[in-house]
Amino acid sequence: MGRAVKSLLKPRLDWLLVFVPAAVLLEHLWPEAQALTFVAASLAIIPLAGWMGRATEHLAERTGEGLGGLLNATFGNAAELIIALAALQRGLHDVVKASLTGSIIGNILLVLGGAMVAGGVRHKVQKFSAPGARSQASMLTLAAIALVVPAAYHYLGGREAFLHETGLSLEISVVLLVTYGLSLLFSLRTHRHFFTGPAAELGEIEGREAHAAPWSLRKSLLVLAVATALVAWVSEILVGAVEPAAKAFGMTGVFVGIIVVAIIGNAAEHSTALLAALRNRMDLSIGIAVGSSIQIALFVAPVLVLASLVLGPKPMDLVFTLPEILAVVVSVAIAGQVTSDGESHWLEGVQLLSVYVILAMVFYFLPAG
Amino acid sequence: MGRAVKSLLKPRLDWLLVFVPAAVLLEHLWPEAQALTFVAASLAIIPLAGWMGRATEHLAERTGEGLGGLLNATFGNAAELIIALAALQRGLHDVVKASLTGSIIGNILLVLGGAMVAGGVRHKVQKFSAPGARSQASMLTLAAIALVVPAAYHYLGGREAFLHETGLSLEISVVLLVTYGLSLLFSLRTHRHFFTGPAAELGEIEGREAHAAPWSLRKSLLVLAVATALVAWVSEILVGAVEPAAKAFGMTGVFVGIIVVAIIGNAAEHSTALLAALRNRMDLSIGIAVGSSIQIALFVAPVLVLASLVLGPKPMDLVFTLPEILAVVVSVAIAGQVTSDGESHWLEGVQLLSVYVILAMVFYFLPAG
Amino acid sequence: MGRAVKSLLKPRLDWLLVFVPAAVLLEHLWPEAQALTFVAASLAIIPLAGWMGRATEHLAERTGEGLGGLLNATFGNAAELIIALAALQRGLHDVVKASLTGSIIGNILLVLGGAMVAGGVRHKVQKFSAPGARSQASMLTLAAIALVVPAAYHYLGGREAFLHETGLSLEISVVLLVTYGLSLLFSLRTHRHFFTGPAAELGEIEGREAHAAPWSLRKSLLVLAVATALVAWVSEILVGAVEPAAKAFGMTGVFVGIIVVAIIGNAAEHSTALLAALRNRMDLSIGIAVGSSIQIALFVAPVLVLASLVLGPKPMDLVFTLPEILAVVVSVAIAGQVTSDGESHWLEGVQLLSVYVILAMVFYFLPAG
């Protein structure tokens, strides 16, 4: 989930909180119903992620702009990160990578495509800043390259290559984190004025939702702590049920990770990007969708690689499967092209959604392992 | 062949109709001269395709703008579709796919490159609508992705993947047809004004060719029926002679399909796109070349997959060979780049032609099978 | 090294000429110290290349604009060409290809990235001509395609393909040289006015360096001959020491070729592109970096293929390794994207440098052979 985008859909989704106890109860009282447990845990994550996001925003308002921006950026995909950490701990590296891939392509194809269709039905042509979009597109290209290179090394380097694989993934992770850190420096400090537009717009959209006064520091921290703890708990349950649930649905674990988990994890982006597009704020809409994909690739993925050194049963590398890489590359290619001209219409949304559907079908049919 | 572009070269090419009886006679009287039969059938297709195109246009004028546009778009590549259907019936899937690949790369490299050189020699810099070109480029990217994905599934999915291959190709074909249908809805109805320029320009260019009054509905239908029947007949002959003719020329069937058949099949586009470029109508020129490639990938290819279910000895999938896919991907990449800046000069045409020559050399040397 | 860019850093680097005798002495007196010989020879090349460049420029001023431009363009990468010829003669095809790859990616990632960071730290946003940059980007794409295609043929064509490999590489080389020749015709004759800006700017920057009166024809030729002979001599030494030096450093020969040799070979571009960026002349900076990469791919590489027919122990083909091709493709992709919007800032430089570091790490770890 992208930074600072959660506050919109929460009030309407809080009833989903009933799935928090439901998931816990199901897991303990009806351990064989893992498909049901999986569904309940998935739905429970959505409102919890919303509360984490809201608490982060209120905290950010208290801590001033610079630190606040950093907080928002860092906790933007916190829920997804926690789910991935839970999967990491169980050594489910395939599921972790699948959910990362799914988040990246889900944001730039499903979320952005949906937003362009929704906005394009109401507005004939929607304008946005072409330089801004292209700048994000280069960052996306960098993200795609960072995923392609370790896999290329793995598949082309021959047997001897395996010896250095973990080392290479670690080093690339450090490069990505440094680049991500510099991009925050860029957007939060040296070139902050580039990005004031979207933030102001977001506030405006949020304003219509009866934005309350900022919470106290204490309340913000408390809510953040409770929501994070609950997300961690439910994530445990979710991850434990992924494989059996996938089997029950007749799907592979990878498909569930790429499509199902990613759709759930991006519910917030989807809703906010859609609303922004409907209100003809395409800069914001694109910023949310593309920004979230960038954050997954340049922040969440390398953090997971580093975390796997101390957390999981064995270190995780950055070697994604070839179908995953292909999916990311084609998504980045078409998203870059669609956003390069500074205007969108519904057919461009249809193009993105078509690619998403085609990729989803491939992952559905792709044999496990 | 692209929509609504045939009327230009017909009067000058009608003498080629002598090759219709020539091909028929050769096939029956001199069955061992299959290289000669192939050449005659190839030449015979050109004027017949022209008559089909002319009949479609006259029909379109009688049926009103909306239905007329649909007719033009649907019958635009009718001759190529008929040739491919004939090859399909004989189970020559390799030749079908080669001719599809050849049409796609021929249009965006040879036709567009030739037009840019021809126009660029007369005009120092030629301007065209960059947003329009980029919108077509995204559609081309989608087309390339649609060809890459099934092959990726085939080569990466392992042995188990084969079981689902036909199903996957079918489903992707449906997605492509839906997307193509939506793109017609876009260009013929919701965003029709985007495209009035080129159509008007085409009329203007055609005007100089002493455009006659529209035919009666009856005459249009009659000419269309006769020309279609003849194309079908000659296509049978052409397809039957492809393999032996290729052997006689010392070429592979794939090379003949990709280069020779595609050049013949795109004679009309080539001539019209060149004329348009010479008259400094680059929007039209690009529209013809790129539009035709899009139509092949998003309409003709999936229709052939669906048709193969009832027509051929076995269903055809969308799994192109890796060299074919590479050719499409690099063509789309350079065409997208060359057209993204809204202006062209002769060197850009040279760039496209260079890539075409390099690809043609590879396909010439590529071992059969 | 790009054309007409050498004059800047010479005066400051002439002290490096001491490494010319040092390299010669080391090679003869201390033959086992090959790592040291390698370092000395590397450093000796830098000022010699500078003198070759300066002589070429003075010669160009004497011979008039058309022929002068041709001279500058042809001798632009003369030092790199001579080093590669020396390696060719010893049959070190892997090192030749590695240094070509390294030059291409070094120029568009390291040189351009460094320039964008240096310039971006001083200037918030730097503008340049987007159409100009995109035109160079298409040429770069053509260059990437020219490297991808022979490798694709090699790896996809099966056993039979090997028979035609040298023939195919030769033919592609001819196509590339013709295209390169036409691009010179374009930039030096038919569309010369497109390029006056950068040339004037270069003069201006050079002006501050107390530009002397042009040398006589005789002096120019003499300096050119002596410098060329010395470069050839030192190149012999350099190339002879590559493999043992690599072993001494614990690196593979390919890594030394791609990273070390390329950095040395591009010292001139690096320095001039950086200076230009600091003075907010991004058009010039991009022209040097990208232009040099284009020249390597479309001129130096095919010349080497042709030269290998008469010079080396066996003909060299254009079949680069898959990691090399991947490196070129991703570099071209991100450079194209970063330069497409007509403005740069320091974060874009960081993006290019990140990709360079990631690629360098991969080549460092990649097992030899």
(message) So, in region A:259-289, how many residues would count as being farther than 16 Å from residue A:13 by Cβ and open to solvent by 30 Å² or more (accessible area, probe 1.4 Å)?
(response) 6
(request) Scan region B:332-349 for residues that are within 7 Å of another protein chain (Cβ to nearest Cβ) and on the phi > 0 side of the Ramachandran plot and jot them down. (result) none
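Just for region C:102-134: of the residues that are within 14 Å of chain B (Cβ to nearest Cβ) and under 21 Å from the mean Cα position of the chain (by Cα), which one is farthest from residue C:284 (Cα to Cα)?
Filtering region C:102-134 down to residues within 14 Å of chain B (Cβ to nearest Cβ) leaves C:128-134.
Filter once more, so that each one left must be under 21 Å from the mean Cα position of the chain (by Cα): C:132-134.
On the way: C:132: 11, C:133: 10, C:134: 14 Å.
Filtering first and then ranking leaves C:134.
Only one of C:367, C:323 is facing chain A (nearest Cβ under 7 Å), under 21 Å from the mean Cα position of the chain (by Cα) and not in a strand (DSSP E or B); which? Quick ask: steps written out before the conclusion?
On the way: C:367 fails: under 21 Å from the mean Cα position of the chain (by Cα).
Selected residue: C:323, the only one of C:367, C:323 that is facing chain A (nearest Cβ under 7 Å), under 21 Å from the mean Cα position of the chain (by Cα) and not in a strand (DSSP E or B).
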(request) Report, by residue number, each residue of region C:138-153 that is among the small types (Gly, Ala, Ser) and either within 7 Å of chain B (Cβ to nearest Cβ) or in contact with a Gly (Cβ under 7 Å, 6 or more places away or on another chain) (or both). (result) C:138, C:146, C:152
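Looking at A:129, A:187, A:103, A:135, which one is within 23 Å of residue C:334 (Cβ to Cβ), at pLDDT below 85, touching a Gly at 6+ places or on another chain (Cβ under 7 Å) and of a type outside the set (Val, Ile, Thr)?
On the way: A:187 fails: touching a Gly at 6+ places or on another chain (Cβ under 7 Å); A:103 fails: at pLDDT below 85; A:135 fails: touching a Gly at 6+ places or on another chain (Cβ under 7 Å).
Just one listed residue meets the conditions, A:129.
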(request) Answer yes or no as to whether residue C:110 is open to solvent by 30 Å² or more (accessible area, probe 1.4 Å) and within 18 Å of residue C:299 (Cβ to Cβ). (result) no
(message) Which residue is least open to solvent (accessible area, probe 1.4 Å), if the candidates are limited to region C:170-191 and must be facing chain B (nearest Cβ under 10 Å) and among the polar types (S, T, N, Q)?
(response) C:179
(message) Looking at (1) more than 25 Å from residue A:244 (Cα to Cα); (2) modelled with pLDDT under 85; (3) open to solvent by less than 10 Å² (accessible area, probe 1.4 Å), which one does residue A:63 not meet, given that it meets all the others?
(response) (3)
(request) Scan A:357, A:319 and give me the residue that is more than 17 Å from residue B:336 (Cα to Cα) and open to solvent by 30 Å² or more (accessible area, probe 1.4 Å). (result) A:357
(request) Determine which member of the set B:39, B:24 is open to solvent by 30 Å² or more (accessible area, probe 1.4 Å), β-branched (Val, Ile, Thr) and modelled with pLDDT of 85 or more. (result) B:39
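Residues of region B:20-34 being among the hydrophobic types (A, V, I, L, M, F, W, C) and within 17 Å of residue B:245 (Cα to Cα), which ones? First the steps, then the outcome.
Of region B:20-34, the ones among the hydrophobic types (A, V, I, L, M, F, W, C) are B:20, B:22-26, B:29-30, B:33.
Within region B:20-34, B:22, B:23, B:24, B:25, B:26, B:29, B:30, B:33 meet the criteria.
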(request) Please verify whether region B:282-289 includes one or more residues that are in a helix (DSSP H, G or I) and of a type in the set (Ser, Thr, Tyr). (result) yes
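Does residue B:314 fit the bill of being at pLDDT 85 or above, surrounded by fewer than 22 Cβ atoms within 10 Å (Cβ to Cβ), more than 14 Å from every other protein chain (Cβ to nearest Cβ) and part of a helix (DSSP H, G or I)?
Details: at pLDDT 85 or above: yes; surrounded by fewer than 22 Cβ atoms within 10 Å (Cβ to Cβ): yes; more than 14 Å from every other protein chain (Cβ to nearest Cβ): yes; part of a helix (DSSP H, G or I): no.
In short, no.
The values are calculated or read from the model by the stated rules, or taken from the named source; none is laboratory data. Since we're looking at a predicted model, the values are computed, not measured. Positions of Cβ are backbone-derived with ideal geometry, glycine not excepted, and every protein chain shown enters the neighbour counts. Surface accessibility is based on the protein's heavy atoms, side chains included, excluding ligands, DNA and RNA. Shrake-Rupley method; radii C 1.70, N 1.55, O 1.52, S 1.80 Å.
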